[in-house]
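Have a look at the structure below before the remarks.
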């Protein structure tokens with residue numbers, strides 16, 4: 001099980017295995033450094049990213065959506081090292097059979113800020129002569145003592161005139177190493193990932209994370225149990241309720257009683273219909289008789305009132 | 001090109017002509033970067049994205065090539081490169097010069 005990092009290349013999202021991400025990052029960082037002096041740096045980087053994305057697509061399918069480290073390594077091999085225009089560009093064949101002696105860039109003195117104490121003069125000198133930085137520093141101190149302080153003056157003159165190494169190419173020249181190939185980049189990235197994994201910081205962090213994870217797991221388990229118990233209780237409650245309801249229903253509304261009810265209603269309605277059908281005339285007579293009685297009563301009443309006056 | 005010694009002599013030649021090779025490919029037919037790589041793949045000029053993209057960018061700055069964005073069915077739009085008038089002129093100039101060089105070399109042995 002590996003962690004996955006999501007990135008986007010040319011507007012499309014990709015999921016990369018952790019190591020794969022580091023290698024790709026290293027490749028693109030190196031490309032950016034090589035193109036530092038190119039006016040179209042950003043555009044070229046975008047194009048490169050898009051090309052990488054296009055190549056990654058061939059490693060994805062409906063049921064495989066994470067890019068692994070070997071796949072990224074392969075894609076980077078296919079892309080080839082980024083060669084800035086005007087610098088010593090490399091072509092496919094040349095890269096595979098590079099001849100170190102003739103391909104090395106000229107050595108040049110740079111100040112190197114990585115691992116510097118004051119301004120990177122000593123680190124730069126150490127890289128240039130390929131010796132230990134500490135030795136350079138001791139020599140500088142000795143020189144200063146022996147020359148009654150002229151060493152410090154020399155140091156500050158060097159701070160003024162020696163440029164700082166900024167791009168990948170500068171670093172190559174500072175140390176006089178051959179241009180970095182994709183494979184070396186990959187190895188370097190792998191190594192730094194391994195170093196980091198083995199470092200105490202990482203371990204303690206991972207330890208904490210592990211403890212936290214265990215705690216969390218415990219809590220989760222407790223919660224799950226609780227939830228399960230609650231679910232069970234709820235379920236049985238519902239079941240009981242349903243059973244009770246069904247029982248009541250059956251008690252009062254058994255199928256037989258249902259049929260009996262329907263039969264009674266039908267009978268009653270037919271009886272009413274039959275009664276109405278046979279006795280319409282009778283009802284009519286009854287009502288007209290009632291009407292006549294009412295009318296004679298009214299007229300009688302009127303007569304009494306009238307004659308009484 | 002089997003040995004390193006041989007290659008170190010031939011590499012500069014090939015490198016110097018890569019630009020012309022790319023112009024030549026585009027002059028025949030407008031192309032995507034991937035088409036250019038594929039076309040060059042079987043030739044001594046075989047190269048990779050890492051080299052081609054910065055080169056195309058430089059050619060565009062020089063005014064030799066131009067591109068337009070073309071929508072693709074699979075994925076984001078891609079750059080479709082074509083040669084400009086200047087590009088055709090440059091290519092002709094390079095071709096002529098290469099011929100001159102070739103002729104001169106041939107004549108030197110006479």
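The values are calculated or read from the model by the stated rules, or taken from the named source; none is laboratory data. Only a predicted model underlies this, so the values are computations on that prediction, with no experimental measurement involved. In this analysis, Cβ positions are derived from the backbone assuming ideal geometry, glycine residues included, and neighbour counts consider all displayed protein chains.
Give the residues of segment B:35-68 that are more than 24 Å from residue A:39 (Cβ to Cβ) and assigned to a helix (DSSP H, G or I), sorted by residue number.
Listed by number, the residues that qualify are B:35, B:38, B:39, B:40, B:41.
For segment A:1-44, what are the residues that are in a loop (DSSP other than H, G, I, E, B), under 20 Å from the mean Cα position of the chain (by Cα) and within 14 Å of chain B (Cβ to nearest Cβ)?
Filtering segment A:1-44 down to residues in a loop (DSSP other than H, G, I, E, B) leaves A:1-3, A:10-11, A:35-40.
Among the residues that remain, those that are also under 20 Å from the mean Cα position of the chain (by Cα) are: A:1-3, A:10-11.
Passing the criteria: A:10, A:11.
Would it be correct to say that residue A:127 is assigned to a helix (DSSP H, G or I), modelled with pLDDT of 75 or more and under 30 Å from residue B:10 (Cα atoms)? Outline the logic, then answer.
Numbers: assigned to a helix (DSSP H, G or I): yes; modelled with pLDDT of 75 or more: yes; under 30 Å from residue B:10 (Cα atoms): no.
It is false that residue A:127 is assigned to a helix (DSSP H, G or I), modelled with pLDDT of 75 or more and under 30 Å from residue B:10 (Cα atoms).
Would you please list the contacts, defined by Cβ atoms under 8 Å and residues six or more apart or on different chains, that run from a residue in segment A:49-76 that is under 22 Å from residue B:34 (Cα atoms) and away from chain B (no Cβ under 12 Å) to a residue that is surrounded by fewer than 14 Cβ atoms within 10 Å (Cβ to Cβ) and modelled with pLDDT under 90?
Here the result reads none, with nothing in segment A:49-76 linked to a residue that is surrounded by fewer than 14 Cβ atoms within 10 Å (Cβ to Cβ) and modelled with pLDDT under 90.
Exactly one condition in (1) within 14 Å of chain B (Cβ to nearest Cβ); (2) part of a loop (DSSP other than H, G, I, E, B); (3) at pLDDT 85 or above is not met by residue A:85; state its number.
(3)
Working carefully through the options B:78, B:60, find the one that is modelled with pLDDT of 90 or more and surrounded by 13 or more Cβ atoms within 10 Å (Cβ to Cβ).
Working: B:78 fails: modelled with pLDDT of 90 or more.
Result of the check over B:78, B:60: B:60.
When the residues of segment A:26-43 are narrowed to those that are surrounded by 15 or more Cβ atoms within 10 Å (Cβ to Cβ) and in contact (Cβ under 8 Å) with a residue 40 or more places away in the chain, which ends up farthest from residue A:187 (Cα to Cα)?
From segment A:26-43, those surrounded by 15 or more Cβ atoms within 10 Å (Cβ to Cβ) are A:26-28, A:30-35, A:38, A:40-41, A:43; that's our starting set.
From the residues that got through so far, the ones that are in contact (Cβ under 8 Å) with a residue 40 or more places away in the chain too are A:26-27, A:30-31, A:33-35, A:38.
On the way: A:26: 10, A:27: 11, A:30: 14, A:31: 16, A:33: 18, A:34: 19, A:35: 22, A:38: 27 Å.
Taking the candidates together, the pick is A:38.
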